[in-house]
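Some notes on the structure that comes next.
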Number of protein chains: 2
Amino acid sequence: MEKGYERIHQPELRNHVVSAEEAASWIQDGMTLGLSGFTRAGDAKAIPFALVDRAKTEPLKVNVYTGASLGSDVDKLFAEAGILNKRLPFQADATMRKKLNDGEFYFVDQHLSHTSEMLRQGTLDKIDYAIVEAISITEDGLIIPSTSIGNSAVFVEYAENVLIELNMAQPTSLEGVHDLFSLEKQGERGPINITQPEDRIGEKGIRVDPAKIKGIVFTNQADSPSPIVPPDEETKQMADHLIRFLENEVEAGRLTKNLAPIQSGIGSIANAVLHGLLDSDFEDLKVYSEVLQDAVFDLMDAGKVNFASACSITLSEEKMKKVFANFEEYKNRLVMRAQEISNQPELIRRMGLISINTALEFDIYGNVNSTHVSGMKMMNGIGGSGDFARNARLGIFVTKSIAKNGDISSVVPFVPHVDHTEHDVDVLVTEQGYADLRGLAPRERVEKIIDNCVHPMYKEQLREYYEEAKMRGGQTPHVLEKAFSWHTRFAEEGTMLEKKPSYV
Amino acid sequence: MEKGYERIHQPELRNHVVSAEEAASWIQDGMTLGLSGFTRAGDAKAIPFALVDRAKTEPLKVNVYTGASLGSDVDKLFAEAGILNKRLPFQADATMRKKLNDGEFYFVDQHLSHTSEMLRQGTLDKIDYAIVEAISITEDGLIIPSTSIGNSAVFVEYAENVLIELNMAQPTSLEGVHDLFSLEKQGERGPINITQPEDRIGEKGIRVDPAKIKGIVFTNQADSPSPIVPPDEETKQMADHLIRFLENEVEAGRLTKNLAPIQSGIGSIANAVLHGLLDSDFEDLKVYSEVLQDAVFDLMDAGKVNFASACSITLSEEKMKKVFANFEEYKNRLVMRAQEISNQPELIRRMGLISINTALEFDIYGNVNSTHVSGMKMMNGIGGSGDFARNARLGIFVTKSIAKNGDISSVVPFVPHVDHTEHDVDVLVTEQGYADLRGLAPRERVEKIIDNCVHPMYKEQLREYYEEAKMRGGQTPHVLEKAFSWHTRFAEEGTMLEKKPSYV
């Protein structure tokens, strides 16, 4: 048997093995594709590459739906090839970012739990081809996903055709870690019977109508490693503030030393902050998150975290080697789920998650911008932060108080794009301190935010804005004609700082 | 037996009957009160009045938590008496509005499903006295609420002391319509086993530790009637557009003629729009909402709606007489629940509600302001609109395209307060038409919104803003220094219209 075929345990399906080029040749201009992949993990690789090759010689535009961001430069190549009509629900590639901000294609920035419901409802274009990475296909035809599940199951269920990339570079020891469960349409479904992160309710793979499987492609390429930046002095301070806040919660009797299941957002800052829990007194922690980054495995190694649930595992190169070489050690403490289960409002609310996500900037009343630089340019997307913050026990947002050596303050009078409203934001953390906004009116929040979160270089300037605003009165005072003046000053003068800060 | 005592079926509790004045005398300066009442229905009346009287002769400040807005001028009297330190989570009284905007007390504008979780967590000040209206107390000590449940059950459960107002003016036929169910703390609870609006999972009254009942007061005052404005030409057009949208959904196979359970927001416009369904072909409809206003009973009378669930019944004077005189006719087609169940993310998502709420204004990308006039002055509050829009099948917002005879456009470049982000808003409806934003990128949404929803007097002006914004590029183009120019022009010149609209 040729190498790879042994991963197809259902013999009839072995006839479907084709080259990536052949599979890609079936995709037609105007089609909609549903690709596996969530934060660089478990993405389809070979067929997208072949599709990009095809686009060099013929006009080709497709819609691309995914779980979240792709690795392997697929989003970069798609964007460069001009192959996209519409892309959703998330991306995190610099080239794609530039081109979508230039208006070269449409990007729809969605809550990551919403795409699947829209597919079920039929409100998104129907998927012509689901293209999903897998480690194997079982005897009874279950597709065993690799390092992410994301939207793969719902793509397979609602697609006209299914293409499978069997990736030899992904560890077969992943088999058994997944928990797949098909939700009925809204109005026809019952409760989702998960009450703790470790509960399993489904099967170990994606059930698929075999008639829909049009092709199986062998690949052999590891996931792109996550470019995790190590903790620095400021992320360490942020972690310390967060720990202090959580310790106060324990002291007040609102949490125990086990806290509550933790969700932590994507990226270096969130990873670094989570990493800080290593130095805390909390114990027997559980994680119920979208993505497991390096920090979660460090916390597991240290005996701090004893169970973790997510829809994707996204690691640095070093960590990837270590974790997958010893995956059996972690497996009984892990479960991977579809992103609509990891990000499900029902479960987030029921379990009362502690949700920690990264903000680009926030304003004096606690509204958060997670997506748009200067209010106009998309960074990555809202991701799951809205699924979590709205429904969690604690919606916590973290960011450094300044950027670009102080030319940008991350705390501003008015955020020029709102992703999380004052109603959803409970706690804000910068390296300066934390502001606990729960149960506070806007005029109370301002004081906490300015006192605790703003960098000293911007404190007085922000207080001046607020003092002027207060003269105008209202529940939420503002000076509308100056609300975005910090952003326009940055655009014109390269800094949000007034020319001569009065504290100089 | 003195009149009223027959409503206290547990004999020992009859010793607790006191005057409202005596009950009010127990409340001390600095305490926190949890009052029944949701959108003018089922509010505690006598003890609040007595408290206001006390405040005339002694300094008294309290925190007041409720379900939502109160009737019987209680919020007006509280505000005038200067009795408030903090008020949450909603209000709708003109005097209170003025005083909170003047900064006389703190108002915390919360998602209506969140207050109960915060009480359970211990993140709000502990309630010293729950004061709840009831129609009776059963033999086994259940408190049978009146025309609203709101937060009453959780107030009773978490308060130190409980005061009950037995209101003789409320119909005893309400007994049996309520469904009360105590949620465990987050992390300790299971699924909420409601899959259809008619499912009942609890008891007919609020279970209470009898030792906490400190006083029972008799009252005899009807709820304040709802000031429902009859449908006008524009609300009729809005209803027609909404029906057309829903008919298209049926035609596309995304909904059936029974649609999906409907939630409709508070107020005249939402009521009028819902009223419009009388003239539709939809049938066997179900309602799963916060509040039932007149329109729902008209739809029941017409055989359009066959079941309705809510946490409050708020009717006009005429309708109140008719419905409560014949309540047995409606009772088996109604259930009343706590507001955390009517507004529960788990259930809203599971059942896939069609959610219809009122916007103050929205912007060219579909961000909605529901709360702040000119971005600063609180109108009423977000209410449950965020609980619903985020988690519903369809988040629909309705508003008239202009206000103040055209000096205000309800569609603006940038909303000066965001309550619902672009991620949560699916469909916008004005009397001009509807914009279906599902699956659209920001630059696609602008076109639909300007073409379909904007009043002709503002169309060109809005297009000019967008054309200038587009030159700056980005996923979500804006001209930040002009983003609020419509609002500042209104503040300075009394109109959002540019002096000489180019179409003149």
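The values are calculated or read from the model by the stated rules, or taken from the named source; none is laboratory data. Everything numeric in this text was worked out from a predicted model, so none of it was measured. Cβ: placed from backbone, ideal geometry, glycine included. Neighbour counts: every protein chain shown.
A few remarks follow.
- Flag if residue B:411 is within 10 Å of chain A (Cβ to nearest Cβ) and either buried (at least 22 other Cβ atoms within 10 Å of the Cβ) or out of contact with any Ser or Thr (no Cβ under 9 Å at 6 or more places or on another chain) (or both): no
- Residues in segment A:95-118 that are within 7 Å of chain B (Cβ to nearest Cβ), in a loop (DSSP other than H, G, I, E, B) and in contact with a helix residue (DSSP H, G or I) (Cβ under 6 Å, 6 or more places away or on another chain): A:111 only.
- Conditions (1) of a type outside the set (Gly, Ala, Ser); (2) surrounded by 24 or more Cβ atoms within 10 Å (Cβ to Cβ); (3) outside any loop (DSSP other than H, G, I, E, B); number of the one not met by residue A:76: (2)
- For segment B:175-224, a residue qualifies if it is part of a loop (DSSP other than H, G, I, E, B) and of a type in the set (Val, Ile, Thr), and the qualifying residues are B:177, B:192, B:194, B:195, B:201, B:208.
- Residue match in segment A:214-232 (condition: free of Cβ contacts under 8 Å to residues at least 24 places away in the same chain and among the small types (Gly, Ala, Ser)): no
- Within segment B:364-384, tally of residues that are among the small types (Gly, Ala, Ser), without any contact (Cβ under 8 Å) to a residue 60 or more places away in the chain and either facing another protein chain (nearest Cβ under 9 Å) or farther than 21 Å from residue B:458 by Cβ (or both): 0
- Subset of segment A:43-60 (residues that are in a helix (DSSP H, G or I) and within 13 Å of residue A:29 (Cβ to Cβ)): A:51, A:54, A:55
- Scan segment B:98-115 for residues that are among the polar types (S, T, N, Q) and under 11 Å from residue A:476 (Cα atoms) and the total you get is 1.
- Residue match in segment A:120-138 (condition: within 13 Å of chain B (Cβ to nearest Cβ) and not in a loop (DSSP other than H, G, I, E, B)): yes
- Every residue from segment A:461-475 that is in contact with a Lys or Arg (Cβ under 8 Å, 6 or more places away or on another chain) and among the polar types (S, T, N, Q): A:475
- Taking the conditions (1) within 14 Å of chain B (Cβ to nearest Cβ); (2) without any contact (Cβ under 8 Å) to a residue 40 or more places away in the chain; (3) not polar (S, T, N, Q) in turn, residue A:446 satisfies each one other than (2).
- Scan of segment B:331-341 for residues that are away from chain A (no Cβ under 11 Å) and either within 16 Å of residue A:352 (Cα to Cα) or in contact (Cβ under 8 Å) with a residue 60 or more places away in the chain (or both), ordered by number: B:331, B:334, B:335, B:336, B:337, B:338, B:339, B:341
- Contact map, segment A:423-442: first residue on the phi > 0 side of the Ramachandran plot and assigned to a strand (DSSP E or B), second residue surrounded by fewer than 23 Cβ atoms within 10 Å (Cβ to Cβ) and among the β-branched types (Val, Ile, Thr), Cβ cut-off under 7 Å, separation 6 or more or different chains; the map is empty.
- Of the residues B:406, B:366, B:395, B:383, the single one that is at pLDDT 95 or above and surrounded by fewer than 24 Cβ atoms within 10 Å (Cβ to Cβ) is B:406.
- Pairing each residue of segment B:463-476 that is at positive phi and within 13 Å of chain A (Cβ to nearest Cβ) with any residue that is charged (D, E, K, R) and surrounded by 14 or more Cβ atoms within 10 Å (Cβ to Cβ), provided the two are 6+ apart or on different chains, yields C-beta distances under 8 Å for B:473/A:377; B:474/A:377.
- Identity of the residue in segment A:79-94, in a loop (DSSP other than H, G, I, E, B) and either more than 10 Å from chain B (Cβ to nearest Cβ) or among the polar types (S, T, N, Q) (or both), that ends up surrounded by the most Cβ atoms within 10 Å (Cβ to Cβ): A:90
- Filter pass, residue A:67 being in contact with a helix residue (DSSP H, G or I) (Cβ under 6 Å, 6 or more places away or on another chain), away from chain B (no Cβ under 14 Å) and crowded, with 22+ Cβ neighbours inside 10 Å: yes
- Residue in segment A:35-54 that is within 14 Å of another protein chain (Cβ to nearest Cβ) and not hydrophobic (A, V, I, L, M, F, W, C) present: no
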